[in-house]
1. Taking the Cα centre of segment 119-193 as origin and charging only Cβ (+1 Lys, Arg; -1 Asp, Glu), how large is the dipole, in debye to the nearest 20?
2. Based on alpha-carbon centroids, what's the gap between segment 194-231 and segment 294-367 in Å, whole number please?
3. Once you have a ≥ b ≥ c as the square roots of the Cα gyration tensor eigenvalues for segment 189-338, tell me rounded if a/c is under 1.5, and otherwise prolate or oblate according to whether a/b is larger than b/c.
4. Restricting attention to the alpha-carbon atoms of the chain, what are Rg (one decimal) and Dmax (integer), both in Å?
5. Sequence gap at least 6, Cα distance under 8 Å: using those rules, report the relative contact order of the chain to the nearest whole percent.
6. Taking the square root of 5 times each eigenvalue of the Cα gyration tensor, what semi-axes in Å does the equivalent ellipsoid of segment 28-247 have, largest first?
7. Compute a Gaussian network model of the chain, connecting alpha carbons closer than 10 Å, and tell me which residue from GLU251, GLU281, GLU306 fluctuates the most.
8. Top mean-square fluctuation among ALA347, ALA69, ALA239, Gaussian network model of the chain, C-alpha springs under 10 Å?
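Every read-out reported here was derived from the displayed coordinates using simple, explicitly stated rules and does not represent laboratory data. Keep in mind that this is a model prediction, so the values were computed, not measured. Heads up, the Cβs are rebuilt from the backbone with ideal geometry, glycines too, and the neighbour counts pull from every protein chain shown.
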Amino acid sequence: MIDNQAGYQTLAPTQVNGVLASSLLFISSFAPVLFFFVTGVGYGLQSLHRKKASHWYVILNKLIVLVFADLLIHWSNGKWIGLEFLGFIGLSSLVLEFVRKSKFPIIVSLVGFVAISLIRYLLGPYLHNLGYDQQGGWLLNWIVGFKDTPDVSYPLSPWLAYPFVGYLAGVAAVHYQRFIENHRTKAVLGLLILGILPAFSGLFLAKRGASFFRWGTVGIGFYVVSFAIILAGLAISLALCKNSKLANLQEALSLKGIASLAVVPIHYILIYWVVISGGKEVDPFKYILITVAVLVLSFLLSRQVESFSQKVRRFKQQKVVWLLLVGLFILAAVITLISGKEATALAIYPRTFGQIVLCLLFVVRWPL
């Protein structure tokens, strides 16, 4: 995610299509795939856990926080509404909660994955050929995902397929936990071998001139190869986890709790500072240095937000804390809306502050 954003913001236009830069940008463009997939994995891992009476409070709180964090991005650009990365995670979480509560969650997830795939790559082209996507409006375009929807980076199809697949993977990890722990090497090799199929299918599609476009609509080539990336990611995770010799590496690569959300607004403002400081149209070497620097700083600052959130959680007067944070968010939102309407780049400051405040609201209970 950080590499992709840094690349498009700092690389010189003539360098974007270079072998090194284009390869890094292509690989890093799969970041949302892994994020949405991992969202599903989390729900799958919890599939056998008893649900607490307050679990809907947790889901609703997460949805509200993520939606408003997403809206702040649009407000800072002078727009009222849209759907970006954070909002789609919130939507996915809500869908997966209903999946988990269903009588047959595995079947629902499998059918959902197949249906979403068919809607995008079979129904979508069919409706386009008939001209229905010209008349159906934004809702149809968002559901089908064949045509760009204004201010929407992640249409329902095919992006919702990844949380569905992630849920299936999470359930499988729970059911086969003992086998995976006892035969970790075989599991890693099995995942890598399985990933060969979508990888070679992607090469075949590339030779046939298939689209690997990702922004807004998702080309069939990108969609197929994304499953090779998922399988490789699972294999790497299994190889790294629970290895005492790699404990330091595991700690360095992990973002726990609120840090995993805080890293989003933090890396955006860090890249913005790089750009306004003259880090524009750089060569690939400087781009890599910038990416590494932003990555390290983003992780460090995100962990500071997580550490501060734990102090907020332990504060006795939670009602006072909640009211204070809500007040700060409203203030940040108003300033973001005003500065965003004026099309000023300064809107990124209240936007970032508001998103950090929302991160803290994750750990504070509503005063009910």
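1. Values: 5 positive and 4 negative charges, 84 e Å.
The dipole magnitude comes to about 400 debye.
2. A separation of 38 Å, based on Cα centres.
3. Working: a/c = 1.98, a/b = 1.54, b/c = 1.28.
Cα axes put segment 189-338 in the prolate bin.
4. 21.2, 63
5. Numbers: 475 pairs, mean separation 87.0, N = 368.
Computed over the chain, the figure is 24 percent.
6. Working: eigenvalues 173, 114, 54 Å².
Output for segment 28-247: semi-axes of 29, 24, 16 Å.
7. Most flexible of the set in this elastic network: GLU251.
8. Top of the fluctuation ranking is ALA239.
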